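Colleague: The structure's right below; bear with me while I get my questions together.
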């Protein structure tokens, strides 16, 4: 009996200890309260879903327990699959957390991973109540001790950016040294990390500034690759633009040619656009190459009268195309206006923008990109229109516009956004230029020295004069041969002839020789299709004559038959464009003569 009591007593102690231990870890949902540093309207009930855009090899999930208890199993997904999370609450980090610079408490989730099987989503991996830190490490949604995962505290984005930058080289045994790039647009915060050497992790994240939620991520390390995008993000429907410059009152004409009245604003004024829906273009649309359906808006134009904002013009339910014409937020038949709804097809956007370089007005179109934005600029040739527009790449929302034509001038920027400066098309001289021409300077100097010595010697010894001709011929022959040898040996064959699998930040310029110049900037070539000719074929139609091993000659570009020559970074490589392999940042220019 005594032994039975002891056993019961011992079991009771074990149960009590287990209850205490279980009470110390988060196994139930927290109260539905959100810490002040996080977005206050986070939903504890809805599912946050992410579509899988790319996926590499299956991966293992490890929690923060010591091995072997840390292994949770292998997980996988595929293109078209999904990752779903449900916010369970905010708790302190796991006691075994390997390290995360985000302060407690942090989000915890239930997570479920799906594969796409012929259009059906099949669940293959689920975990309950896991910390944002553990999820971030398992899915590689972070780097070093910066582990933002699916959600960041959005109260102080400056602090978040400092944390991200500080983890580019934090020190420590397992830390990775890398480059960190940060950018803000109206809706988004972008953080990119590229490891220098080592296992070469590349991780890029976009967060919603207003909610702190992950919008898009692409992360790779060794054989692992995951790219996902949020299915929950929705664009707001009201946009306020602050007027930086405005010239004078101007008339508003609808697409039937009817006069709607004059509108006016000024520095410190506003243009307010409220999205009413997406509809087909007006049947009387003067022309817009952007596909139906397009956005329609209510517009309110406000003047700043000594600090008091006063509405002076309103117009209801007008198409984005009409707005484009009225505000000159476009050129020719490319009228992207306030919201460029086909932004998901960025290649089509670029082609339409470049296609409309000629029409009512002929000019130069240039396109530049950052991770979050695309800038489209049109400068009329021998004309007056100058239009520069920056759009958010994931929403198509106009962030900044500067446009002028004749006496009309409008510069406006969406609230809480600072436009970036154009880097232009100028490129620096190639590095080590002096070192590259130094051998030729030496050859020329020696040749001049020998010839001068021979002439001086012939003055003091007349008999030597008859050899001057042979000395001159010999020096010229040796100098020519030596220069040719130096040229061929110094040509960077390894850089010209060794292709890279991928090159970034490439710029293509096509000068038609008739005043029209087209520019494609900041694009990537991949799959070893990374030659100067590949840069051309990425964007243009062409006709060529193929000479096999000797390369190709471009006969026409976009239907224009000319003598086409190309250069890279301002220099003629001296080899066929199909044999010149590009490097990151190269500027390829084709000129027709």
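The values are calculated or read from the model by the stated rules, or taken from the named source; none is laboratory data. Being a predicted model, the structure only gives us computed values, none of them experimental. We place every Cβ from the backbone using ideal geometry, glycine too, and count neighbours over all the protein chains shown.
Colleague: Given the options 188, 150, 193, name the one that is closer than 25 Å to residue 240 by Cβ and crowded, with 20+ Cβ neighbours inside 10 Å.
Modeller: 188 is the lone residue from the list that is closer than 25 Å to residue 240 by Cβ and crowded, with 20+ Cβ neighbours inside 10 Å.
Colleague: Ok, one more. Within the group 428, 480, 447, 458, which residue is at pLDDT below 65 and out of contact with any strand residue (DSSP E or B) (no Cβ under 8 Å at 6 or more places or on another chain)?
Modeller: 428
Colleague: From the list 197, 192, 178, pick out the single residue that is out of contact with any strand residue (DSSP E or B) (no Cβ under 7 Å at 6 or more places or on another chain) and in contact (Cβ under 8 Å) with a residue 12 or more places away in the chain.
Modeller: Matching residue, one of 197, 192, 178: 197.
Colleague: Could you check the range 79-124 and list, in sequence order, the residues that are farther than 26 Å from residue 162 by Cα and not in a strand (DSSP E or B)?
Modeller: Answer for the range 79-124, where residues must be farther than 26 Å from residue 162 by Cα and not in a strand (DSSP E or B): 79, 80, 81, 118, 119.
Colleague: Given 507, 491, 498, 531, which one is over 19 Å from residue 561 (Cα atoms), at pLDDT 85 or above and more than 21 Å from the chain's Cα centre (by Cα)?
Modeller: The unique qualifying residue is 531.
Colleague: Could I ask something else about it? Quick check on the range 379-408: of everything there that is touching a helix residue (DSSP H, G or I) at 6+ places or on another chain (Cβ under 8 Å) and assigned to a strand (DSSP E or B), which residue is farthest from residue 350 (Cα to Cα)?
Modeller: If we take residues in the range 379-408 being touching a helix residue (DSSP H, G or I) at 6+ places or on another chain (Cβ under 8 Å) and assigned to a strand (DSSP E or B), then 403 is farthest from residue 350 (Cα to Cα).
Colleague: Restricting to the range 140-175, count the residues that are within 23 Å of residue 196 (Cβ to Cβ) and in a loop (DSSP other than H, G, I, E, B).
Modeller: Number satisfying all stated conditions: 16.
Colleague: Looking at (1) over 26 Å from residue 212 (Cβ atoms); (2) assigned to a strand (DSSP E or B), find the lone condition where residue 128 falls short.
Modeller: The single condition residue 128 does not satisfy is (1).
Colleague: For the range 248-262, name all the residues that are farther than 15 Å from residue 318 by Cα and surrounded by 15 or more Cβ atoms within 10 Å (Cβ to Cβ).
Modeller: 250 - this is the single residue of the range 248-262 that is farther than 15 Å from residue 318 by Cα and surrounded by 15 or more Cβ atoms within 10 Å (Cβ to Cβ).
Colleague: Still on this structure: Is it the case that the range 290-300 has a residue that's in the same structural domain as residue 386 (by TED's automatic domain parsing), in contact with a helix residue (DSSP H, G or I) (Cβ under 9 Å, 6 or more places away or on another chain) and surrounded by fewer than 16 Cβ atoms within 10 Å (Cβ to Cβ)?
Modeller: The answer is yes, given that some residue of the range 290-300 is in the same structural domain as residue 386 (by TED's automatic domain parsing), in contact with a helix residue (DSSP H, G or I) (Cβ under 9 Å, 6 or more places away or on another chain) and surrounded by fewer than 16 Cβ atoms within 10 Å (Cβ to Cβ).
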